[in-house]
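S.K.: Right, I'll just put the structure down here and ask away after.
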Amino acid sequence: MGSLQPWHWAVIIIAVVLLFGSKRLPDAARSLGKSMRIIKAETKGLAEDGNAAQAQQPPVAPPAAPYVQPAPPAAQPPAAPPRDTSI
C-alpha cells in the first residue's frame with residue numbers, strides 16, 4: 001500500500017514531461033549528473049582531509065582526575081570532666 005505502483009510512475013513521468021518539456025529534460029538530467037559527481041568528489045575529499053588531520057594530531061592524554069579536597073577531620077566530642085571519687 002505504501003509503495004508506488006507502475007501506473008503511479010507513469011503519471012509522474014507524464015506530469016514531469018508536461019511541466020518541463022521534452023527539450024529541457026536531457027539538459028536537466030545532465031546537470032543533475034554533474035552536480036552528483038561534484039558532491040561525490042567533495043565528500044570524498046572531506047573524508048580524506050578528516051583522516052589526514054586525525055593522523056597528524058598527537059594522541060590526546062586522558063583528562064586528569066579532578067582534585068577533591070579531603071574532608072576536615074570529624075569533631076571529637078568534648079572530654080568528660082574528671083569524676084570526684086573521694087567520698
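S.K.: Once every DSSP H run of n ≥ 4 in the chain is given -39500 (n - 2.57) and the sum is divided by its residues, what mean residue ellipticity at 222 nm do you get, rounded to the nearest 500 deg cm²/dmol?
M.R.: Numbers: 2 runs with 48 residues, N = 87.
After summing the helix terms and dividing by the residues of the chain, the value is -19500 deg cm²/dmol.
S.K.: A further question follows. Candidates [x] 125, 45, 19; [y] 50, 25, 25; [z] 38, 27, 24; which is the computed Cα extents along the principal axes in Å?
M.R.: Checked against the structure: label [x].
S.K.: Taking the Cα centre of the chain as origin, sum charge times position over the Cβ atoms of Lys and Arg (+1) and Asp and Glu (-1), and report the length of that vector in debye to the nearest 20. Mind showing how you got there, number by number?
M.R.: On the way: 8 positive and 5 negative charges, 137 e Å.
Here the chain has a charge dipole of around 660 debye.
S.K.: Could you tell me the extents of segment 1-44's C-alpha atoms along the three principal axes, largest first, rounded to whole Å?
M.R.: Principal axes ranked by extent give 37, 31, 11 Å for the Cα atoms.
S.K.: Taking the simple approach of a point 7 Å from Cα along Cα-to-Cβ for both Leu46 and Ala79, what is their distance in nm?
M.R.: 7.6 nm
S.K.: Please list Ser35, Ser86 from largest to smallest accessible area, probe radius 1.4 Å, with all protein chains kept in place. List each step's numbers first, then the result.
M.R.: Numbers: Ser35 55, Ser86 85 Å².
I get Ser86, Ser35, largest accessible area first.
S.K.: Same structure, new question: So, taking all protein chains as they sit and a 1.4 Å probe, how much accessible area belongs to Arg37, in Å² rounded to tens?
M.R.: 150 Å²
S.K.: I'd like to check one number: the per residue accessible area of the chain, probe 1.4 Å, reported in Å² as a whole number. Working shown, then result.
M.R.: On the way: 8900 Å² over 87 residues.
That works out to 102 Å² per residue.
S.K.: Let me ask something additional. Round to the nearest 10 and report in Å² the accessible area of Leu18, as given by a 1.4 Å probe over the protein chains' heavy atoms.
M.R.: Only protein atoms counted, so the area is about 140 Å².
S.K.: Something else about it: Relative to the present Cα-Cα distance, how much length would full extension add between Met36 and Ile12 at 0.36 nm per residue of separation?
M.R.: Values: separation 24, 0.36 × 24 = 8.64 nm, distance 2.21 nm.
Net length gain for the segment: 6.4 nm.
The values are calculated or read from the model by the stated rules, or taken from the named source; none is laboratory data. What you are looking at is a predicted structure, and each value in this text was computed from that prediction instead of being measured. Heads up, the Cβs are rebuilt from the backbone with ideal geometry, glycines too, and the neighbour counts pull from every protein chain shown. Note: areas computed on protein heavy atoms with side chains; ligands, DNA, RNA excluded. Shrake-Rupley method; radii C 1.70, N 1.55, O 1.52, S 1.80 Å.
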